[in-house]
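Note sheet for the following structure.
The values are calculated or read from the model by the stated rules, or taken from the named source; none is laboratory data. Here the structure is a predicted model, which is why all the values come from computation and not from measurement. Please note: Cβ atoms are built from the backbone with ideal geometry, for glycine as well, and neighbour counts cover all protein chains shown.
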Amino acid sequence: MSNSKGRDALDAKHERNRKQRVTSIKRWVEYIHTHSPDDWGEQQNRLINSQLESARQSDIDAEQRRRVEEAGRDYSK
């Protein structure tokens, strides 16, 4: 496979991934508009807490860990 074909395949993959992310975001927006914060708030908290825990358990440097913890504090406000 030439570099150009490989690059085209990678670009196509990136575009599919972008479209999937946009679709997921639109579904989430629809969900939060049609459900109460009591329903989706706890789900969001579980997701963020699991991401923070995963970051804490990973092998990241102190600066990255600080950014993750700061982001967690920002989201919990």
Report summary line: Considering residues that are in a helix (DSSP H, G or I) and surrounded by 10 or more Cβ atoms within 10 Å (Cβ to Cβ), the number found within region 28-38 is 5
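Quick check on this structure: which one of R46, R16 is farther than 25 Å from Y75 by Cα and either hydrophobic (A, V, I, L, M, F, W, C) or modelled with pLDDT of 90 or more (or both)?
From the options R46, R16, the qualifying one is R16.
Criterion first (of a type in the set (A, V, I, L, M, F, W, C), assigned to a helix (DSSP H, G or I) and in contact with a Gly (Cβ under 6 Å, 6 or more places away or on another chain)) does L47 satisfy it?
Taking the combined requirement at face value, the residue does not satisfy it.
With respect to S58, is the statement that it is under 20 Å from the mean Cα position of the chain (by Cα), at pLDDT 85 or above and surrounded by 10 or more Cβ atoms within 10 Å (Cβ to Cβ) true?
No.
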**Report entry** In region 18-70, the residues that are without any contact (Cβ under 8 Å) to a residue 12 or more places away in the chain and among the aliphatic types (A, V, I, L, M)
**Finding:** V22, I25, V29, I32, L47, I60, A62
Query raised in the report: Do we find that I48 is surrounded by 11 or more Cβ atoms within 10 Å (Cβ to Cβ), β-branched (V, I, T) and closer than 15 Å to W28 by Cβ in this structure?
Result: yes
